[in-house]
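> One structure is given below, represented as structure tokens, and several questions about it will come after.
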Amino acid sequence: MKRSALSAIMISTLALTFTGCASAKVANAIEAPSPVDSVQTTSPQTSPNVSEFVTIEDPVEKCFTVELPKGWFNRAYTSRAFDVHRQVVTSVSPNEDTVLYLGDPNIPQYWTPEFAHDMIREWARVNPMVKIEPFQEAKTYLPAYVKRKFGSLEGFEITKTEDNQQAAQSYQRALAQNDMQGGATAANVHFRYKDHGKQMSAMVVGLAAYSPGFWIVDVNGLSTTGNAEDYLPLLARISRTMKTNPAWTQRQQQLHEQRMAQIADFGRQMTAQHNRNMQAIQLSAQRHQTRMEAIWAAGEASNRAYYERSAASDAQHSRFLNYINDEHTVVGSSGAVRQVDNSYQRYWINRNNNSYVGGDINFDDRSIRAMGLNPDDYEEARIRR
């Protein structure tokens, strides 16, 4: 089962949840192609200097495996907010000139307003990864997404946006073969920016798929000092190797009621807009810390060394990676570096266990004390811009 097929799992779970079923079941998902799956690959070498691959497993939930280039700096993980989850993969070439990625940790699931009854609206109120908006075609959605995601990079400029009929038709065939209603649109967004004075060529290949009442977005992308399109076959090859762990799929049904109870409890705590915002930010940071602990625990020494070197020396593509993963790199007064969730404006790192806390521009020692923590255990870390 490919990663994009998980979208069907999520849709099935949501549909059952919000049509009144007491216990949502995870339905069999279609083998839906990802945006780059329609790209033709060559064999045995799918891209310059890449012919061997290694299998990486998501260390956070053991949700999926993926084959990534051997010798590259690879990272795969699951991002979750209650019952909505995303799978993310990044791979950086040994010379750091190229980065490939699949997925976005925080792209929401969307419900259309006419189908958003009270239960859906309540869920959207408490879950930052559920939104109520009319459907947007990929050619409309993706340029705004790319600008929001990467627009702060030096010299950022979108150079071309084009329909991707091949990807859309591939997805629609998968729907028809499984007797499912709906459709899809797809587009490619080409852009450029500068990194350490080098001109970078980048693109996002995306899909916006819809079914009555809801719609989802899937994105793949890359950035390189060379020609971005030269790496599309490699990106497609990686996407096709993503497989979901059947045991993980079974666990989702078992955990569904527990997560719905968490949503209800969270909603009761959110009595004002400010509290809702702060609760969502705190939960996002907590999820990020848990995710990073799993990644570090499972990561190869070479990969950990790369990210630590990247954080310390501002290596090429480090900003691009931060934008993909919705992270900041922060540096403490002692020189300690840390990858953190980008929800905060100010950060404090615990000197004893490397965990962090944060908040808005007014977050200070008193805020740390109000959380029941000892400010003496923390040092403020600045965001490296």
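> Rank-order 117-126, 139-148, 369-378 by packing density, defined as the average count of other C-beta atoms within 10 Å over each peptide's residues, highest first.
139-148, 117-126, 369-378
> Follow-up question, since we're still on this one. On a full-extension model of 0.36 nm per residue, what is the gain between Asn354 and Glu122, subtracting their alpha-carbon distance, rounded to one decimal in nm? Before the final figure, lay out the partial values.
Working: separation 232, 0.36 × 232 = 83.52 nm, distance 3.55 nm.
Length difference between fully extended and current span is 80.0 nm.
> Right, next: Please give me the summed charge of the neighbours of Arg369: other residues whose Cβ is under 12 Å from its Cβ, Lys and Arg +1, Asp and Glu -1.
Combined, the nearby Lys, Arg, Asp and Glu give -3.
> Shape call for segment 135-233 from the C-alpha gyration tensor, a ≥ b ≥ c root eigenvalues: rounded (a/c under 1.5), prolate (a/b greater than b/c) or oblate?
It is prolate, given that a/c is not under 1.5 and a/b is the larger ratio.
> When N counts the residues of segment 91-143, how does its alpha-carbon radius of gyration compare numerically with 2.2 N^0.38 Å, as a ratio?
Ratio of Cα Rg to 2.2 N^0.38 Å: 1.64.
> Could you tell me which of the pairs Lys160/Lys194; Lys139/Lys194; Lys70/Lys198; Lys149/Lys194 are separated by over 19 angstrom between their Cα atoms in the structure shown?
Cα-Cα > 19 Å for Lys139/Lys194; Lys70/Lys198; rest within.
> Let me ask something else about it. Quick check: residue separation of Arg366 and Arg148 times 0.36 nm, minus the Cα distance between them. What number comes out in nm?
75.2 nm
> On to the next question. How far is the Cα center of segment 122-197 from the Cα center of segment 339-385, in Å?
Spelled out, the Cα-based centre of one part sits 34 Å from the other.
> If the label point is 7 Å along Cα→Cβ of Thr65, which residues in segment 223-250 have backbone nitrogen under 17 Å from it?
Label zone hits: 238-250.
> How far apart, in nm, are two points set 7 Å out from the Cα along the Cα-to-Cβ line at Glu379 and at Trp248?
3.7
Coordinate-derived values only; no laboratory data. Computed from a prediction, not measured in an experiment: that's the story for all the values here. Backbone-built Cβ (ideal geometry, glycine too); neighbour counts: all protein chains shown.
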